[in-house]
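Visitor: Have a look at the structure that comes next, please.
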Amino acid sequence: MTTMVATAPAERAAATRRRGARFRPGNIGVGIAAWVAALAFFFPVLWMFLTGFKQESQASTDPPTIFFTPTLDQFRSIFARDFAPYLINSLTASVMSTIFVIMLATPAAYALSVAKVGRWRDALFFFLSTRMMPAVASILPLYILATNIGMLDNITMLSLVYTAMNLPIAVWMIRSFLAELPREVLEAARIDGASLGTEMRRIILPMIAPGLAATALICMIFAWNEFFFAVSLTSTRAATVPVFLVGFITSEGLFWARLSAASTMAALPVILAGWVAQKWLVRGLSLGAVK
Amino acid sequence: MAGRSRSRPARAVLGSALAALLLGTTACAGAGVGGQDGRTVTVATVANPQMQDIEKLTGDFKKDHPGIDVKFVILPENELRDRVTQDIATRAGQYDVVTIGTYEAPIWAKNGWLTKLDGYASKGGYDVADIVPTVRDALSYEDGLYAVPFYGESSFLMYRKDLFAKAGLTMPARPSWQDVANFAAKLDDKQGNVAGICLRGLPGWGEVLAPLNTAILTFGGRWFDEDWNARLTDPETKKAVELYVNLVRQYGEPGAPNAGFSECLTAMGQGNAAMWYDATVAASSLEDPKTSKVAGKIGYVPAPTVKTEHAGWLWSWALAVPETSKKKDAAWEFVSWATSKDYMKLVGQRLGWARVPPGSRLSTYEIPEYRKAAAAFAQPTLDAIRSVNVKQPGLHPQPWTGVHYVGIPEFQELGTKVSQEISAAIAGRQSVDDALAKAQQYAEQTTLKGGYKK
C-alpha cells in the first residue's frame, strides 16, 4: 500500500514520458515478481487465518489439509478461556505507553532538531545507544526493582517499561520529521510574535501530524507485540495478549489450530489500527520524500 | 491573540484528562493488589490437555471453597520453568501452586524452594498411600514428599495391530530393540506413506533424549558412573545410540530431526507410522476417534528391552507449593482437590472417562467406568509405571533419582547440547561416533565445573 501510493505520481510521470511503452515484457516480469513476493509474504498470514478455522487433527496433517469444513470450535475455546482481561491489558499498555512516548518524544525531538541544544549529536546517539543493549540484560534489575516497589504484575509498570523501550525510536522518527520542516515557516511565525507554545501548537504539530501518527502507530505495534517484558514482569493481573497466546503451546498434544485462531484474534486490533491510520501512515512515512 | 486565549482551556482539559488517566490506572492497580491479598491462589501451569481440564473444572472447586479464588498462569514448559525459578529465587512470591516434573521435584526440594507436603497430605481423606509408589518416590527428596502427581506417565511401544496382521507378524509380549528394528524394516512402506516406526529426533533434553536414554539404559550404557565419570563413549552406550539413530534414519518418519512428541502423535494418529515408542499418555489421544484415524487398531506392549527387565521411563506432572507462597493453606486446598480421588470422578462424569488423568492414583484403575473407557491402554499404562525403578533404572547404580534424565540442575543445558549432536547425527550431518565424542566432552566439562567429580 505504502509503495503504491507513494510511487503513484512518479509512475504517472513515467507513463506520460514513454506513452505506449507500458506493457513491455520487462514490466510484466517485474509485475509477476512483485505479485510472487507479495503472496510469499502474505501466505503465512493467510495460512494462520485458515488454520484457525480447522479442527486440531486437520491442522497438523502432512500433506497439509487445504479443503475442510470451517469450524468455530477453536474461537469458542479461546473465549472460554477468558480472553478479555488480556485484551484490556494489552490495550491499556499500548495506548498508555504510546501517549507517554509521544508526549515526551515531541519536545525532545524539538530540542534536538529545531532548537538544537548543545551537544545534540551526543544526546541523539545516547538515545539510540539505549536500544543497543539487549532487553534480557536489563530484565533482572527491572524485575527486582518492580518487586521492591510492589509493581510486579502491574499494568502501569509494563506501560512505563514500554515507554522507555519506544522512546528512543520515537525521538529519532519525530526528529526526522521536524528536520524536514521549512525554516522559513517557523521564522515567519516568530516574526509574527508567536510564542514557543503557539509555534508548537499551531505551526509545528499540524505540519508533522501525519508523522506523529506514523510514530504513534509504530510504537503501539511494538508495545502490542512485545513478549519478553510481558512474560517476565506479569503473572495473572497484568498479562497481555502475547502471554495469552503462548499459553496454548503444549509439549503433549496438538495445538496449532487453537494457536492460529488466537493469533488471528491478537492480530486483528493491530490490523484495524493500521487500516484506520493508513492514509496518515503513508503520508507520514513518505513525508519529505518528495520535495 | 485568539490562539492564546483558546489555549488555556485546551491546556486545562488536556491536563485534567492526563491526571484522570494516571489516577485511573493507579486506582485500577490498587484494586488489583487488594484482590491479591485476599485468598486468591495463583497457579502456574503448562498447557497440556489435562491441565486445560483443571481450568475448566475450577468452577466446581470455587463452589466448594467459597473463600478461595483461583487464577491460572499458563505458559509453555521452558518459559514456565524460567518464570517460576526467577520468582522463587528473588522471593517475589507470585505463585502459590506450580506445576513441576519429576526432574525438578528433588532438585528444587534440595534448594529449599518447595514446601514439604507430608504434614498436609497425611490429614483428612487425601490417602497418600493411594498415589502410585514409583511416582511418589520420584517426587520425594530425603523421605519428604514435595509434590503430588497430577498425572503420571511411563513409556511403551504402540503398534498397529492391523498392519502387523496384514504382514503376518506377531508382536511378542516383551519385545527387544532387535525385534523392533526387524519389524520396522518389514513394515516400512515409503510408497504407502507409512514409516516403519516413529521415534523422536527433535533436539531438547525432554525430546529426543527421553526415548533414547531408556534405550541406552537397557543396553547397559549410562551417562555417568557412581563417581560422576562421563560414560557416553562406552561400547554399550554407543550400541544403543547407533541402533536408535540407524533405525530412525532408515525406517523412521520423514523429517525425523524435527519430530517430537506432537509430530509423532500426528503421524501415528493419521496412520502414517506402524510403530511408535513414546509416552503412555499418547494412548488416550490415539484412542479418541475425534483426533485419530487409528482408534481401536493399536496394541500396547512394554518398552523394548535388551539387558534389563524393564525399560520404560517415568515422568509425572505434579503440583507443588513454593516455599515463597504466602497462602500455603489455601494452596494446599487447591492442590489436594486437583489430585484427589474425587477429582478423577469429576473429570469422568463431566468431561468423559477417557480424559481422567492417568498414572497418579492406584484407585483410578479400579473405577469401572475408567477401566471400560480406557480398556485398550489402562492396564499397560499402570504396569509400565509400576515396573520402573527410579533409583536404578539401568544395570549400574547411579548417583541420582530418575530414569531418562540426569538429576542435576546442569542437565538442562548439558542435555540440550547433547541432544543437538544426536539430532545432527539423525539428520546425517555427522556420525554417531562424532556425536558421542562431543557429548562425552560436554558431560566431562559439566561434572568438572559443577564440582561433582572429586
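The values are calculated or read from the model by the stated rules, or taken from the named source; none is laboratory data. The structure displayed is predicted, hence computed values, not measured ones. Ideal geometry is used to build each Cβ from the backbone, glycine not excepted, and the neighbour counts take in all protein chains shown.
Visitor: Residues A:Ile221, A:Ile204: which one is out of contact with any Lys or Arg (no Cβ under 9 Å at 6 or more places or on another chain), of a type outside the set (D, E, K, R), within 14 Å of chain B (Cβ to nearest Cβ) and in a helix (DSSP H, G or I)?
Guide: A:Ile204 is the lone residue from the list that is out of contact with any Lys or Arg (no Cβ under 9 Å at 6 or more places or on another chain), of a type outside the set (D, E, K, R), within 14 Å of chain B (Cβ to nearest Cβ) and in a helix (DSSP H, G or I).
Visitor: Further question: Restricting to region A:84-97, count the residues that are within 16 Å of the chain's Cα centre (by Cα) and either hydrophobic (A, V, I, L, M, F, W, C) or more than 12 Å from chain B (Cβ to nearest Cβ) (or both).
Guide: Selection size over region A:84-97: 6.
Residues checked against (1) in contact with a helix residue (DSSP H, G or I) (Cβ under 8 Å, 6 or more places away or on another chain); (2) within 12 Å of chain B (Cβ to nearest Cβ):
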| residue | (1), (2) |
| --- | --- |
| A:Thr147 | no, yes |
| A:Val161 | yes, no |
| A:Leu167 | yes, no |
| A:Pro182 | no, no |
| A:Leu186 | yes, no |
| A:Glu199 | yes, yes |
| A:Ala209 | yes, no |
| A:Leu212 | yes, no |
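Visitor: Also, quick follow-up: Scan region B:344-352 and tell me whether some residue there is more than 17 Å from the chain's Cα centre (by Cα), assigned by TED's automatic domain parsing to the domain that holds B:Val135 and buried (at least 20 other Cβ atoms within 10 Å of the Cβ).
Guide: Yes: one or more hits.
Visitor: Going by the conditions given, is B:Gln270 surrounded by fewer than 23 Cβ atoms within 10 Å (Cβ to Cβ) and away from chain A (no Cβ under 11 Å)?
Guide: no
Visitor: Follow-up question, since we're still on this one. Which of the residues that make up region A:188-201 are of a type in the set (Gly, Ala, Ser) and part of a helix (DSSP H, G or I)?
Guide: The answer is A:Ala188, A:Ala189, A:Gly197.
Visitor: Sticking with this structure for a sec: If you take the residues in region B:175-200 that are in a loop (DSSP other than H, G, I, E, B) and modelled with pLDDT of 95 or more, which one is surrounded by the fewest Cβ atoms within 10 Å (Cβ to Cβ)?
Guide: Only one residue tops the list, namely B:Asp188.
Visitor: Among the residues of region A:225-233, are any away from every other protein chain (no Cβ under 13 Å), surrounded by fewer than 20 Cβ atoms within 10 Å (Cβ to Cβ) and either outside any helix (DSSP H, G or I) or modelled with pLDDT of 90 or more (or both)?
Guide: yes
Visitor: A further question follows. Would you check which residues across region A:108-145 are of a type outside the set (A, V, I, L, M, F, W, C), exposed (fewer than 14 other Cβ atoms within 10 Å of the Cβ) and in contact with a helix residue (DSSP H, G or I) (Cβ under 8 Å, 6 or more places away or on another chain) and list them?
Guide: A:Thr130, the sole residue that qualifies.
Visitor: For region B:291-310, how many residues meet the condition of being out of contact with any Gly (no Cβ under 9 Å at 6 or more places or on another chain) and either crowded, with 24+ Cβ neighbours inside 10 Å or on the phi > 0 side of the Ramachandran plot (or both)?
Guide: 2
Visitor: Just to be sure before I move on: is A:Thr51 under 29 Å from B:Pro289 (Cβ atoms), surrounded by 14 or more Cβ atoms within 10 Å (Cβ to Cβ) and at pLDDT below 90 in the structure I sent?
Guide: So A:Thr51 fails the test.
Visitor: Quick one: in region B:54-78, of everything that is surrounded by fewer than 20 Cβ atoms within 10 Å (Cβ to Cβ) and under 21 Å from the mean Cα position of the chain (by Cα), which residue is farthest from the other protein chains (Cβ to nearest Cβ)?
Guide: B:Asn78
Visitor: Moving on to the next point. If I filter region B:240-259 for residues that are assigned to a helix (DSSP H, G or I), within 14 Å of chain A (Cβ to nearest Cβ) and crowded, with 22+ Cβ neighbours inside 10 Å, do I get at least one hit?
Guide: yes
Visitor: Quick check: is even one residue across region B:179-196 closer than 17 Å to B:Ile426 by Cα and within 14 Å of another protein chain (Cβ to nearest Cβ)?
Guide: Looking through region B:179-196, at least one residue is closer than 17 Å to B:Ile426 by Cα and within 14 Å of another protein chain (Cβ to nearest Cβ).
Visitor: For region A:234-274, which residues satisfy the criterion of being surrounded by fewer than 22 Cβ atoms within 10 Å (Cβ to Cβ), of a type in the set (Gly, Ala, Ser) and more than 10 Å from chain B (Cβ to nearest Cβ)?
Guide: Of everything in region A:234-274, those that are surrounded by fewer than 22 Cβ atoms within 10 Å (Cβ to Cβ), of a type in the set (Gly, Ala, Ser) and more than 10 Å from chain B (Cβ to nearest Cβ) turn out to be A:Ser260, A:Ser263, A:Ala266, A:Ala267, A:Ala273, A:Gly274.
Visitor: Identify, please: which residue in region B:201-236 is surrounded by 24 or more Cβ atoms within 10 Å (Cβ to Cβ) and polar (S, T, N, Q) and is, among those, nearest to B:Gln412 (Cα to Cα)?
Guide: Within region B:201-236, the match that is nearest to B:Gln412 (Cα to Cα) is B:Asn213.
Visitor: Which of the following residues is under 30 Å from A:Ala213 (Cβ atoms) and either in a helix (DSSP H, G or I) or out of contact with any Pro (no Cβ under 8 Å at 6 or more places or on another chain) (or both): A:Ile139, A:Ile66, A:Ile144, A:Ile99?
Guide: Every option except A:Ile99 fails the conditions.
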